[in-house]
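Shown next, in structure tokens, is the structure this report addresses.
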Amino acid sequence: MCTSGDGENGEHLLPEEQSGDDHTAFCAQLEDSAEDLYEHAPCGYLSTLLDGTIAKINTTLLDWLGYTHDDLVGRKTFSDLLTAGGRLYHETHFGPLLRMQGKISGIALELEAADASRLPVLVTSTVKTGNDGQPLLIRTSVFDARDRRAYETELLRTQKQAEREREELKRLNATLQRTLLPPTLVNVPGLDVAAHYHIASTDKVGGDFYDLFPLAAGTWGLFLGDVCGKGAAAAAITSLARYTLRAAAVYNPDPAAVLRNLNTVLHHEYNGHDPRFCTVIFGLLTPDADQGGFRITLASGGHPPALLLRADGSADFLPTPGGQLLGVLPEAHIATTAIRLEAGDTLLLHTDGLTEAHTASNSADGRYGDEALLGFAQALAPTTASNAIAAVRALLDTFGTGVDDDTAVLAINVPRPTSEEQP
């Protein structure tokens, strides 16, 4: 249909209001002949007999392929224009589906041009039937997919590059994470020690840390902590905290003094526009030469309380109430407690990634929680350090993806005398 034009002064004129000559010229500009529309359409067209012999093909497709009309019509089949893989697909899938359904749409194929180059296309074919319903010929539309193929190729290349970069980032994160943890725990005569670090995500470095190291005069220091956040910033604070704790313990091994020293350093370094803090529990281990076992003094800066699993099968949290996060205030309140580890007793320290794991339980917030952890410890006691860590690892595995924060656990046990060990 011819559209209307504008008259004088911009008036909108209907076709019948235009002059005859103007109307004819205007429509001539818009209307192409059906043959011209077919020959020079923006996509390829061809019609084939039921055996695939090309009966008609438009100029657009001939130009794409570099053939002439006489090269193809009556001489070649549609499948002859396909690559070897395309011919196999046409024979085993395309052709049978077309015969069963009468139409098949949007199939990605490759045509082979006269110069042997390949042309990626999307093909839609329809079977034309006569009045009696019998198939007469096959009409096929061919759409140039070179731009789409180029886009898909670039997208695939970009995805592969992103995957390579992600794998490299994982390796770097794993390497960095290892540098923030002791390669092995020191051997403390008279103690069985074990530790585990559970990585919630390989994409970012976590901020949990622990260590056990010798101090002067037959004492040992231990600590376990959790820095807020993840990534490079958390790793930097973790490194600072670890080395500050070790240095401060050499200068003054009193656990409360050690944590106050760390609080001063963190507050001085990170009290600006991007404040950082951490929770830490620090302990001083001293063997009891007179009564056996170990005396332990623990200081907590806002960290979850440690669990004490006694040789008699009881278990409970060690209260360190009121300990404040380190790095927030210039002067932090440090909570302390002192205990004796007897033969068969186990001390278990953990970060909050364990208790904050998502579970399928009926707890109010869907977290594992302190109450469940206490019940777990009570069922586990008495135990050894290695068995305690193995049990915690198995517990974390049951949470699956519900563990969304890294978790560090450190267990210290005074072994029973060989004659008292349970079978």
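Quick check on my filter: what residues within the range 283-300 are among the polar types (S, T, N, Q) and either open to solvent by less than 20 Å² (accessible area, probe 1.4 Å) or touching a Leu at 6+ places or on another chain (Cβ under 9 Å) (or both)?
Residues satisfying the conditions are T297, S300.
Among the residues of the range 363-388, those identified as in a loop (DSSP other than H, G, I, E, B) and surrounded by fewer than 17 Cβ atoms within 10 Å (Cβ to Cβ) are S363, A364, D365, G366. L329 - would you say it is in a strand (DSSP E or B) and either at pLDDT below 90 or out of contact with any Cys (no Cβ under 7 Å at 6 or more places or on another chain) (or both)? No; evaluated as a whole, the condition is false for this residue. If you go through the range 83-140 and pick out every residue that is of a type in the set (S, T, Y) and in a strand (DSSP E or B), you end up with 6.
Per-residue answers, yes or no, for (1) within 21 Å of F209 (Cβ to Cβ); (2) free of Cβ contacts under 8 Å to residues at least 12 places away in the same chain; (3) of a type outside the set (A, V, I, L, M, F, W, C):
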| residue | (1), (2), (3) |
| --- | --- |
| A306 | yes, no, no |
| G327 | yes, no, yes |
| G344 | no, no, yes |
| L373 | yes, no, no |
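Number of residues in the range 85-123 that are open to solvent by less than 30 Å² (accessible area, probe 1.4 Å) and of a type in the set (S, T, Y): the value is 0.
Within the set L245, L259, L240, L224, the sole residue that is under 20 Å from P182 (Cα atoms), of a type in the set (A, V, I, L, M, F, W, C) and not in a helix (DSSP H, G or I) turns out to be L224.
Collect the residues in the range 210-225 that are touching a residue at least 60 places away in the same chain (Cβ under 8 Å), out of contact with any Gly (no Cβ under 6 Å at 6 or more places or on another chain) and either under 23 Å from D405 (Cα atoms) or crowded, with 23+ Cβ neighbours inside 10 Å (or both), keeping them in residue-number order. If the condition is that a residue be touching a residue at least 60 places away in the same chain (Cβ under 8 Å), out of contact with any Gly (no Cβ under 6 Å at 6 or more places or on another chain) and either under 23 Å from D405 (Cα atoms) or crowded, with 23+ Cβ neighbours inside 10 Å (or both), then Y210, L212, W220, F223, L224, G225 are the ones that fit. Selection of the range 245-264 for residues being polar (S, T, N, Q) and either without any contact (Cβ under 8 Å) to a residue 60 or more places away in the chain or open to solvent by 10 Å² or more (accessible area, probe 1.4 Å) (or both) yields N252, N261, T264.
Just checking, which of H267, H303 is surrounded by 15 or more Cβ atoms within 10 Å (Cβ to Cβ), in contact with a strand residue (DSSP E or B) (Cβ under 9 Å, 6 or more places away or on another chain) and assigned to a loop (DSSP other than H, G, I, E, B)? If you could, list the steps in order and put the result at the bottom.
Working: H267 fails: assigned to a loop (DSSP other than H, G, I, E, B).
Selected residue: H303, the only one of H267, H303 that is surrounded by 15 or more Cβ atoms within 10 Å (Cβ to Cβ), in contact with a strand residue (DSSP E or B) (Cβ under 9 Å, 6 or more places away or on another chain) and assigned to a loop (DSSP other than H, G, I, E, B).
Residues that are open to solvent by 40 Å² or more (accessible area, probe 1.4 Å) and touching a strand residue (DSSP E or B) at 6+ places or on another chain (Cβ under 9 Å) within the range 327-341 comprise H333, T336, A338, R340, listed in sequence order. For T383, are the conditions met, namely being touching a Phe, Trp or Tyr at 6+ places or on another chain (Cβ under 6 Å) and farther than 30 Å from L266 by Cα? Answer is no for this residue.
The values are calculated or read from the model by the stated rules, or taken from the named source; none is laboratory data. Fair warning: this is a prediction, and the values are worked out from it, not measured in the lab. Heads up, the Cβs are rebuilt from the backbone with ideal geometry, glycines too, and the neighbour counts pull from every protein chain shown. The protein model used for the area step is the full one, side chains on, heavy atoms only, and it has no ligands, DNA or RNA in it. Shrake-Rupley method; radii C 1.70, N 1.55, O 1.52, S 1.80 Å.
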